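The numbers here are math on the coordinates, done by the rules we state, and not lab data. On a predicted model such as this, the values are computed, not experimentally measured, just so you know. Counting neighbours? That spans all protein chains shown, and the Cβs are built from the backbone with ideal geometry, glycine included.
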Amino acid sequence: MRNAQISRKTKETDIKLSLELDGGEVSINTGIGFFDHMLTAFAVHGGFGLSVEVSGDLEVDCHHTIEDTGIVLGRAFDKALGDKGGIKRFGSFYVPMDEALGFCSLDISGRPFLVFDASFPEERIGGYDSCMTEEFMRAFAFNSGITLHLQCPYGKNSHHITEALYKALGHSLREAVTVTASDKPLSTKGVL
């Protein structure tokens, strides 16, 4: 069973999320249009079924909604993968998005880490603060137990840079969660 349902309620956000690693419907409603677009792109390009319903304190700003969604999505990936046996574990992918190039390389290692190397010319994309891309990725990586490297070596448009990174993450995860012939974790230690 490569799926997970996670709910998390705090004084700042109320999140209900369902994840199917092997595909399914995609339905995203966070209250932030551009973030919905990014999560949809992530799920579609990753081949994941993903349902996300968020009620957040958007009267403050977008920070809690985006970061907390990363926390819940990370926990869902960790839960859906179980002991991480029988998956390829590693994934890397480049996504060109007009003038921007996004790259992601990751290891579903159980050792969370984030290397993030991208800058954003525009501070905002609709109701989405560009700096929240790094915050989302950090929350996702640390709650999923993934070593995550993201880079955009060049780009002039914050929308394109951000979208290239979310799509690259989706493609890299699709590769990493691919089922192999073995049911054991890919590790010399025998466990992850």
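Loop-located trypsin sites (Lys or Arg not before Pro) in the range 113-161 (DSSP state other than H, G, I, E, B) with a sparse environment of at most 16 neighbouring Cβ atoms within 10 Å: 156. Can you compute the helix-only [θ] at 222 nm over the chain? Use -39500 (n - 2.57) per DSSP H run of at least 4 residues, normalise by all residues, nearest 500 deg cm²/dmol. Calculated at 222 nm, the ellipticity per residue is -11500 deg cm²/dmol.
Grouping the Cα pair distances of the range 97-178 into 10 Å bins from zero gives a pair-distance distribution of 20, 52, 25, 3 percent in increasing distance order. Only one residue of 35, 87, 76 has its Cα farthest out toward the positive end of the dipole of the range 26-140, where Lys and Arg carry +1 and Asp and Glu -1 on Cβ, and that residue is 87. Charged neighbours of residue 6, selected by a Cβ distance under 9 Å, balance to +4 (K, R count +1; D, E count -1). Near residue 183: Cβ cut-off under 14 Å, other residues only, Lys/Arg at +1 and Asp/Glu at -1. The net charge is +4. A simple rule links phi to the HN-Hα coupling: the Karplus curve 6.51 cos²θ - 1.76 cosθ + 1.60 with θ = phi - 60°, which for the range 127-137 gives x, 10, 7, 4, 5, 6, 4, 5, 5, 4, 5 Hz, with x for Gly and Pro. Over every Cα atom in the range 1-75, the radius of gyration and the widest Cα-Cα span, Dmax, amount to 11.8, 38 Å. For the range 50-129, GluC sites (Glu not before Pro) meeting the loop criterion (DSSP other than H, G, I, E, B) and having at most 10 other Cβ atoms within 10 Å: 59, 123. Shape annotation for the chain: C-alpha extents along the principal axes are 46, 37, 27 Å, from largest to smallest.
Within the listed set 100, 141, 164, the residue fluctuating most in the Gaussian network model of the chain (springs between alpha-carbon atoms under 10 angstrom) is 100.
Over 32 Å between Cα atoms: which of 79/189; 11/79; 11/156; 16/156 fall into that group? Over 32 Å apart, Cα to Cα: 11/156; 16/156.
Computed about its Cα centre, the charge dipole of the chain is approximately 960 debye, with only Lys, Arg, Asp and Glu carrying charge at their Cβ. If you take all other residues with their beta carbon under 14 Å from the beta carbon of residue 29, and give Lys and Arg +1 and Asp and Glu -1, the sum is -3.
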